[in-house]
Amino acid sequence: MLPPQTGGGTALAETASGTTSAPLLPSRPPRLLPAAVAIAVIVAALFAGGYYLESRRSHQFSADTTGPRTLAVLPFRNLREDPQTDFLGFSLADALITKLAYISALTVRPSSSVERYRNQTIDPQKVAADLKVGILLTGSFIKDGDDLRITTQLIDVKPDKILWQDSFDTKFDKLLTVQDRVSEQIIQGLQLTLSPAEAKRLKPQAPINPKAYEYYLRGVDLYSLNDFLAAITMLEKSTSIEPGYAPAWAYLGRAYATNASLQFGGHENYGKARVAFEKAIALDPALVSPRVYMANLLTDTGSVEQSVPLLREAIQNSPNNAEAHWELGYAYRFGGMLPQAVTESELARRLDPQVKVNSSAMNAYLYLGEYDKFLQSLPVNDSPYILFYRGFAEYYAGRMQEAATDFDRAFKEDPSLMQAAIGRALSYAISNDNAAGLALLRQTEEKIEKLGVSDAEGIYKVAQAYAVLGDRASSQRMLRRSVEGGFFCYPYFESDPLLNNLRREREFAEITAQARARHEQFKARFF
């Protein structure tokens, strides 16, 4: 489990990238009714699941009916300079995103794609282009004592047309009603036809303790700001007051797991995460998010066979969930089902072009030897993580000078990143300085041991670098650890040219036989 925008393997050090803009506030708050407040919700982009259930559309809300219906729910903008209520902006939008994700006629951008817009004025055309959506719901909020006023505005971007707008007052201790009312407005305003299951899923939630819900929203906001320890504190308070609220358990598990991955070796938190996810699923079997988070945890900790059923169930409940499709592709990759991994990853990116775009790569293309397709799938940025993968594909393609340049840049940017260290070792191999490369790999292996890194796919790459640099014994040791850790992508092992130095070794044959057996069991069970 990587930081919130990531998916897949644990690196030695990898921080979530992104910038936070200062809030843009009006010179003075708008006038309120005596007992009210103003919240404006920025909600964006409804898009038709061009892949799923076209017949469920009962009404086209845009003059352009050729594209999919896309919805991006942006953080609510706080119109009053009040740090005590800023948490509402992102967390209420997140709650709305979660609720709308069950509508098969829509694809809703995940919270990770929209959090960068918190407390900002926006240009709807630019935001829609960045998120690749056609509809935006914009707004703002103010809290006045115990009163809130929610104002929403749904914009069809291409004709620059307001589809509807609304304001309503509520009490601060009735925050749970916000997501219900706004989602109902969106459905009615777009005249969407829901299936019976969707209609049941979108019914207003049963009331919960207001303080527990406030702690939940605060925890969601803190998680999005990468303050995982503080998020855990808030979410633990929420679940202690209201132990029957499944979304709080789901986010608590996510916070535990992410914090464990950043602390490397936080096995206690991994255990807590699993318990929290199990509670969330038991409380609400149809809730998608804990299944997706739990599946990522299981894949990363050696139990990929358990992750696949969870993800297939999540997709059945929410067929347009890009993150669920991505994680299923990730799981298939670990099990060696590479064409299927490509299919799921490509579908995820069609549903949401930004899903995992900066933190997880379409490695299945790389493992299939389709290096140009892999390079084309990478985002255009120079983060150390992406620089490593760009260099890795160039290395495979035989463009050694380009590979060395990218490897060295990645290592310069973040020498503590496991992938960057592996790339630097391969760069040493390119320059025939095997001794320096092996010294760096041994330092990296020591960190893996000390910190309890459980990224089996990343450990496989350490084995590859050892093999390239000629240390067969170390390569086989790390390869065995990778397979035993749950990465048994046998078709890749069988053809990987970076392991050619090992192919006459008896131990290599034993390790690959172990990988093949588990791969065949995986294939027989799921395909």
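No value in this document is a laboratory result; all are computed from the given coordinates. Here the structure is a predicted model, which is why all the values come from computation and not from measurement. As a convention, Cβ positions derive from the backbone with ideal geometry for all residues, glycine included, and neighbour counts pool all protein chains shown.
Here are a few things to note about the model shown:
- Entry note, the chain: the mean residue ellipticity at 222 nm calculated from DSSP H runs of n ≥ 4, each adding -39500 (n - 2.57), is -17000 deg cm²/dmol after division by the residues and rounding to the nearest 500.
- Here's the list of lysines a cross-link from K450 could span, going by alpha-carbon distance under 22 Å and ignoring same-chain residues fewer than 8 apart: K272, K461.
- Over 18 Å (Cα to Cα) - which of K126/K356; K161/K203; K126/K158; K99/K211; K99/K203 fall in this group: K126/K356; K161/K203; K99/K211
- Aspartates and glutamates whose Cα lies under 20 Å from that of K237, excluding same-chain neighbours fewer than 8 positions away: D86, D94, D173, E214, D221, D227, E268, E278, D284
- Using Cβ point charges alone (K and R +1, D and E -1), the dipole size of the chain about the Cα centre works out to roughly 620 debye.
- Of the DSSP H helices in the chain, those whose Cα atoms cover at least 15 Å axially and whose Kyte score averages 1.0 or more: 87-100, 228-241
- Cα pair distances of segment 107-226 binned at 5 Å [whole percent]: 2, 9, 16, 20, 23, 18, 10, 3, 0
- All alpha carbon pair distances within the chain were sorted into 10 Å bins beginning at 0; the resulting P(r) in whole percents reads 4, 19, 28, 24, 15, 8, 2, 0, 0.
- Leading residue at positive end of dipole, the chain (Cβ point charges), from Y213, S431, S104: S104
- Excluding same-chain neighbours fewer than eight residues apart, the aspartates and glutamates reachable from K523 by a Cα-Cα span under 15 Å are E305.
- Dipole axis of the chain (+1 Lys, Arg; -1 Asp, Glu on Cβ), positive-most option in P243, P491, I142: P243
- Only the Cβ atoms of Lys and Arg (+1) and of Asp and Glu (-1) were treated as charged; on that basis the dipole of segment 210-319 about its Cα centre amounts to roughly 60 debye.
- Proximal charge balance of D382 [Cβ under 13 Å; K/R count +1, D/E count -1]: -1
- Stokes-Einstein D in µm²/s, Kirkwood radius over Cα pairs - segment 91-152 at 25 °C with 0.890 mPa s viscosity: 185
- With a cut-off of 9 Å between beta carbons, the residues surrounding I135 carry a summed charge of 0, where Lys and Arg count +1 and Asp and Glu -1.
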